[in-house]
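Take a look at the structure below.
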Amino acid sequence: MGLKTGILGGTFNPVHHGHVELGLHILKAYSLDRILYILSANPPHKINQDIVSQELRWAMLSLALEPYPRLQPCDIELKRQGYSYTIQTIHQLRVMSPDDLFYFISGSEGFLKIRTWKNYRELLEAVSFVVVLRKKEHRPLIETLLSEEQVPLFQNSTAQGERIGVSIFSYDSPRLSLSSTLVRRELKAGGNVDSFIDSKVKNVIEEYRLYGD
Ligand code: ATP
């Protein structure tokens with residue numbers, strides 16, 4: 001029997017409490033054994049942003065996840081040359097852990113742009129998705145997209161099981177609106193980010209003077 005494994009890709013520039021809280025909610029709701037936090041090396045959709053080196057983003061991600069053994073940093077995209085595409089990552093994980101059942105986790109704002117992802121049709125057919133509702137108004141948009149793409153929408157995590165399709169997962173939290181962009185902006189303005197990020201992550205930011213002017 002393989003593991004039930006969630007996959008959460010991100011730039012984590014830097015990782016914040018919203019990322020961790022998301023993982024903890026999904027672990028529980030879907031009874032997952034682990035969630036792999038896959039650090040993007042070279043995200044094709046974020047080429048114009050100020051992205052800190054992968055070594056430092058990896059260090060921050062590892063520190064933030066350290067207290068939670070089921071939330072695991074994963075470096076497979078860092079070891080690859082060129083842009084990283086989700087479909088390649090899924091194929092690679094399948095080879096590495098052939099018995100695992102995978103759930104690809106995405107925030108609703110990202111999922112709504114799925115038609116811009118490389119080989120998105122293949123991706124929708126290759127892996128089950130958990131779409132986290134970042135805003136209530138995203139729900140009808142996701143439903144329309146899924147019906148246009150003729151992808152099954154599961155009403156709950158139990159119905160999803162081993163079948164390929166999408167479930168929408170929602171929870172209430174003030175941290176849902178937190179983003180790395182907000183953290184970077186606050187840091188640049190000299191604001192206080194203590195309620196947004198782990199103190200160990202903050203230490204790295206201060207030590208290497210990241211995200212300042
Ligand atoms: P940026 O602001 O730099 O675009 P981000 O905070 O959205 O970054 P990513 O690294 O792009 O972070 O996010 C990785 C994944 O985590 C995405 O699927 C995203 O939707 C999700 N996510 C980000 N922030 C939150 C949050 N506050 N609550 C729940 N999910 C989140």
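For the chain, just say rounded, prolate or oblate: build the C-alpha gyration tensor, square-root its eigenvalues into a ≥ b ≥ c, call rounded for a/c under 1.5, and beyond that prolate if a/b exceeds b/c, oblate if not. Prolate, since a/c reaches 1.5 and a/b exceeds b/c. Per-residue surface analysis assigns residue 93 an accessible area of about 10 Å², computed on protein heavy atoms at 1.4 Å probe radius.
Taking only C-alpha pairs under 8 Å that are 6+ residues apart, what is the relative contact order of the chain in percent? Answer for the chain is 25 percent. Expressed as a whole percent, the accessible surface of the range 1-113 that belongs to carbon and sulfur atoms is 53, based on a 1.4 Å probe.
The alpha carbon gyration tensor of the range 61-104 gives principal lengths a ≥ b ≥ c with a/c of 1.5 or higher and a/b no greater than b/c, which makes the shape oblate. Distances between placed amide hydrogens fall under 5 Å for residue 107 paired with 132, all partners being 5 or more residues away or on another chain. Protein heavy-atom accessible surface, 1.4 Å probe, per residue over the range 67-196: 56 Å². Our helix-only sum for the chain, with -39,500 (n - 2.57) per DSSP H run of n ≥ 4 divided by its residues, gives a mean residue ellipticity at 222 nm of -10500 deg cm²/dmol. Counting only Cβ charges, +1 for Lys and Arg and -1 for Asp and Glu, the dipole size of the chain around its Cα centre is about 200 debye.
The values are calculated or read from the model by the stated rules, or taken from the named source; none is laboratory data. Just so we're clear, the structure is a prediction, and the values are computed from it rather than from any experiment. FYI the Cβ positions are ideal-geometry reconstructions off the backbone, even for glycines, and counts take in every protein chain you see. What goes into the accessible areas is simple: the full protein's heavy atoms, side chains included, and nothing from ligands, DNA or RNA. Shrake-Rupley method; radii C 1.70, N 1.55, O 1.52, S 1.80 Å.
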